[in-house]
1. Kindly check whether there is at least one residue in region 207-225 that is away from the ligand (no atom under 16 Å from the Cβ), under 17 Å from residue 8 (Cα atoms) and surrounded by 15 or more Cβ atoms within 10 Å (Cβ to Cβ).
2. Which of the residues spanning region 152-170 are assigned to a helix (DSSP H, G or I), more than 16 Å from the ligand (Cβ to nearest atom) and crowded, with 17+ Cβ neighbours inside 10 Å?
3. Return the only residue of 141, 185 being assigned to a helix (DSSP H, G or I), in contact with a helix residue (DSSP H, G or I) (Cβ under 9 Å, 6 or more places away or on another chain) and away from the ligand (no atom under 13 Å from the Cβ).
4. Go over the candidates 202, 196 one by one and state the one that is at pLDDT below 95, away from the ligand (no atom under 16 Å from the Cβ) and surrounded by fewer than 21 Cβ atoms within 10 Å (Cβ to Cβ).
5. Suppose the filter is surrounded by fewer than 14 Cβ atoms within 10 Å (Cβ to Cβ), more than 16 Å from the ligand (Cβ to nearest atom) and closer than 30 Å to residue 250 by Cβ; does residue 26 pass it?
6. Take residues that are on the phi > 0 side of the Ramachandran plot and within 16 Å of the ligand (Cβ to nearest atom) and tell me which of the helices (runs of 4 or more DSSP H) falling wholly in region 74-123 contain 1 or more.
7. Can you tell me how many residues in region 51-73 are away from the ligand (no atom under 16 Å from the Cβ), in a loop (DSSP other than H, G, I, E, B), at pLDDT 95 or above and under 19 Å from the mean Cα position of the chain (by Cα)?
8. Do the conditions hold for residue 155, that is, is it in contact with a strand residue (DSSP E or B) (Cβ under 8 Å, 6 or more places away or on another chain) and touching a residue at least 40 places away in the same chain (Cβ under 8 Å)?
Ligand code: PGA
């Protein structure tokens with residue numbers, strides 16, 4: 001296993017304003033303080049990152065950017081770079097399907113973002129996953145391999161311990177229809193085997209692999225006990241403090 005702690009990432013997407021984000025963090029602090037065997041990462045809107053970074057106790061929570069541009073600076077109106085986020089966040093989500101499909105990010109953009117994150121001491125959370133059509137056509141393994149090879153093309157072995165791979169089947173995101181733990185186990189096996197082929201077993205084992213897609217407090221436990229799964233990427237359920245706290249508690253128990 002890549003690390004003992006389970007990794008639970010809350011992706012708030014384009015929800016919660018600065019004040020609401022701050023209140024939410026405050027609300028969850030008590031639960032998370034008691035759950036030391038879980039690494040809890042919050043991904044609020046870019047606008048909230050600066051203020052949360054001043055409020056947050058880094059021993060309880062880490063922060064993640066939901067997105068960033070891969071160049072460090074320059075004439076790129078409206079963009080925020082990984083270099084600007086350095087020191088504010090510890091993680092950065094890269095290649096989320098909403099970025100790939102709604103904002104047309106391609107493998108080259110994603111590869112550049114993975115590198116920009118690592119160059120700026122930000123751990124990339126590289127999201128990969130198949131569409132419903134690809135799944136129905138039996139292409140899941142091929143898609144995962146292609147997205148891994150594409151996203152990690154310029155990553156060297158020594159950087160792998162800072163890389164997180166999130167298996168997020170696109171048909172399971174925000175649909176209420178999560179993958180079956182057996183499907184997740186199968187996909188994670190493909191991911192770990194591909195990493196082994198690319199980097200060798202010693203390095204591949206350092207990579208943290210998590211699952212995302214309609215995770216709730218009721219289903220979190222089954223994924224966390226799935227072979228090879230080191231944590232969860234939670235969207236909708238992370239906006240419900242009770243559910244998210246329950247997920248963190250389940251993750252803590254899963255490490256015992
Ligand atoms: P969901 O989102 O939990 O709402 O399906 C997951 C994600 O987008 O990472």
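1. Yes.
2. The answer is 159, 160, 162.
3. 141
4. 202
5. Against the criterion (surrounded by fewer than 14 Cβ atoms within 10 Å (Cβ to Cβ), more than 16 Å from the ligand (Cβ to nearest atom) and closer than 30 Å to residue 250 by Cβ), residue 26 qualifies.
6. Where helices (runs of 4 or more DSSP H) fall fully within region 74-123, none carries at least 1 residues being on the phi > 0 side of the Ramachandran plot and within 16 Å of the ligand (Cβ to nearest atom).
7. The total comes to 2.
8. no
The values are calculated or read from the model by the stated rules, or taken from the named source; none is laboratory data. Please read these numbers as outputs of a predicted model, since none were measured by experiment. Note: ideal-geometry Cβ built from the backbone for every residue, glycine included; neighbour counts use all protein chains shown.
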